[in-house]
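Nothing in this text is a laboratory measurement; each read-out follows from the coordinates by a stated rule. If you're wondering where the values come from, they're calculated on a predicted model, not measured in any experiment. Note that we place each Cβ from the backbone using ideal geometry, even for glycine, and neighbour counts take in every protein chain shown.
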Amino acid sequence: MAAIKGISVKSFGLKDNRSALPYLLLAPGLIYLALFFVYPIIALGQMSTKTSSGEIGQYEQSFRFANYVDAFLGSKEQFSRSFIYATIATLLALAIAYPLAYAIAFKSGKWKNVLLVLIVAPFFTSFLLRTIAWKQILGEEGPVIKVLRGVHIISPQTSLTATSFAVVTGLAYNFLPFMTLPLYASLERIDPRTLEASGDLYANVFTTFRKVTLPLSMPGVVAGTLLTFIPAAGDYINAAILGSPSNKMLGNVIDARFFKIVDYPTAAALSFTLMAAILILVTVYIRKAGTEELV
């Protein structure tokens, strides 16, 4: 028996593979990222410095970094508009989502799961169809414009479609669940006894919210704003369907350069410029918000 007890896996020349298990579990995800993220990024970077060889769709590598300058100067209006629209839509989504998430976390009771399902329910429908629906809602025969004209907020000649208002509204609506769910997750983790202790220390409702609830929910605020702002800045469907040529965002320019004008280097340079700008803004925002652990 003693001899049997002395026999181990190593006695047969086999190695303990437990140390390799984490890497094996990570392998599928790493392979996926390499194939569908790293490689496309590298290919996009290579394309961004190419020049035309004289034939449509044919390019040669010349390392022309001036493509970035030309691309930015040619689309700086759409570039700034993308970030303005995304910022307004993010703030609007935050203003709507925070009270909603607060109510679900603290006031919904047995209806909590139902309300959470209703928030996620729009994802059961195509992003494109939801945007087209807003075109109908804001259209001449839609309920919104009838109400606004009925209470004389807008004139009979004013239209809501093909405007900046429609684009921002579509962005805020389509990405609202991305704002609500992180906020709910952050608020739901707050111990109610902490709020009760604030009341025991004679803090009113507003002071409790400002000193306790809001600081504890800041990770949710930061995560929600990032999940809303980043896709909104690169979006092009809302501007294409709800806007006009004067409301086009940078995503619309990139789409046109890739599929209509067939100017791949400029489109690639714009894509890289947009990614770099978003990365810089996100890094600054996270550090200013004091939640570096989210990076």
What FRET efficiency comes out for the pair ALA103/VAL147, r = Cβ-Cβ distance, R0 = 25 Å, nearest 0.05? 0.55
Computed from these coordinates, which is percent of Cα pairs over 31 Å apart: [x] 19; [y] 49; [z] 53? [y]
Residue among PHE36, PHE123, PHE259 with the largest mean-square fluctuation in a Gaussian network model of the chain, springs linking Cα atoms under 10 Å: PHE36
In the Gaussian network model of the chain, springs joining C-alpha atoms below 10 Å, which of THR51, THR207, THR266 carries the largest mean-square fluctuation? THR207
How much mean residue ellipticity at 222 nm does the chain get from its helices, if each DSSP H run of length 4 or more adds -39500 (n - 2.57) and you divide by all residues, to the nearest 500 deg cm²/dmol? -20000 deg cm²/dmol
Quick one: compute the contact order of the chain, relative version, from alpha carbon pairs under 8 angstrom and 6+ residues apart, as a percent. 26 percent
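So, with +1 on the Cβ of K and R and -1 on the Cβ of D and E, and no other charges, what is the size of the charge dipole of the chain about its Cα centre, to the nearest 20 debye?
580 debye
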What is the gain in length, in nm to one decimal, between PHE209 and VAL120 on full extension, counting 0.36 nm per residue of separation less the C-alpha to C-alpha distance? 29.4 nm
Which distance in nm do the two modelled labels at ARG64 and TYR23 give, with both placed 7 Å along the Cα-to-Cβ direction? 4.4 nm
Taking the Cα centre of the chain as the origin and placing charges on Cβ (Lys, Arg +1; Asp, Glu -1), which of LEU187, ILE137, ILE42 is farthest toward the positive end of the dipole? LEU187
Please give the length that would be gained between VAL284 and SER80 if that part of the chain were fully extended, namely 0.36 nm times their separation in residues minus their C-alpha to C-alpha distance (nm, one decimal). 71.7 nm
